[in-house]
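Here is the structure we will look at, set down as structure tokens.
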Amino acid sequence: MYQAQEQFVALNKANLEAAARFANVALGGAERLFEVQLKAAKAALADGMDNVTTLAAVKDLQQFAEVKDAVAQPAFEKAADYFKSVYEIASETQAEIGKLIEAQVAGFNKQFVVALDKIAESAPAGSETGIAALKTAIATGNAAYENLSKAAKQFNETAKSNLEAAAKRAAPIVAKKAKK
């Protein structure tokens, strides 16, 4: 009985520590995201004030066209940088949480297999098949989880490279349109 209580306390402690790690990762990501948003808001305010001042000094349509070009390109670049930063923070936070989940799943599986082995030692004769079936089910579940995890990582990498490629392709197009 005492050993069961000790195991229960240890399990609760491990779960609390895991929850704290998850919370720290999530809060760290939120904090980084807030910093990026605050920086972007400050920059947008400053740029907006500069742009209003510049536009207020325009005297004719020719000068307006030139000013419009000078204002549009940096604004697009800053917006692209902002979205890239937000995406990177989200991706990094998701990757850290994914690692924590993988560690939790691996720990749970290890504990479950150890528990099955203890059960097998005291199980009645003929129950080996059932225990082997449970171990096979665990191995199958682990393989499926690993495949899903790999697919999610590949999707994330593909999305990131597509986002970067789209931003690179869009910059010259916006620059050409701004000059027209």
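Here residue 169 clears all of (1) open to solvent by 60 Å² or more (accessible area, probe 1.4 Å); (2) at pLDDT below 80; (3) over 30 Å from residue 67 (Cα atoms) except the condition numbered (3).
The single condition among (1) at pLDDT 80 or above; (2) more than 15 Å from the chain's Cα centre (by Cα) that residue 124 does not meet is (1). The single residue among 100, 11 that is open to solvent by 60 Å² or more (accessible area, probe 1.4 Å) and either more than 20 Å from the chain's Cα centre (by Cα) or not aromatic (Phe, Trp, Tyr) (or both) turns out to be 11. Can residue 59 be described as open to solvent by 80 Å² or more (accessible area, probe 1.4 Å), more than 24 Å from the chain's Cα centre (by Cα) and modelled with pLDDT under 85? In short, no. Residues that are open to solvent by less than 60 Å² (accessible area, probe 1.4 Å) and either in contact with a Cys (Cβ under 6 Å, 6 or more places away or on another chain) or touching a residue at least 24 places away in the same chain (Cβ under 8 Å) (or both) were ranked within segment 104-132; the one that is farthest from residue 149 (Cα to Cα) is 113. Please indicate, with yes or no, whether at least one residue in segment 21-35 is surrounded by fewer than 14 Cβ atoms within 10 Å (Cβ to Cβ), over 16 Å from the mean Cα position of the chain (by Cα) and either aliphatic (A, V, I, L, M) or modelled with pLDDT of 90 or more (or both). Yes, some residue in segment 21-35 is surrounded by fewer than 14 Cβ atoms within 10 Å (Cβ to Cβ), over 16 Å from the mean Cα position of the chain (by Cα) and either aliphatic (A, V, I, L, M) or modelled with pLDDT of 90 or more (or both).
The values are calculated or read from the model by the stated rules, or taken from the named source; none is laboratory data. A quick note: this is a predicted structure, and the numbers were derived from the prediction, not measured. Reconstructed Cβ throughout: ideal geometry from the backbone, glycine too, with neighbour counts over all protein chains shown. Calculation scope for accessible area: heavy atoms of the full protein, side chains included, ligands and nucleic acids excluded. Shrake-Rupley method; radii C 1.70, N 1.55, O 1.52, S 1.80 Å.
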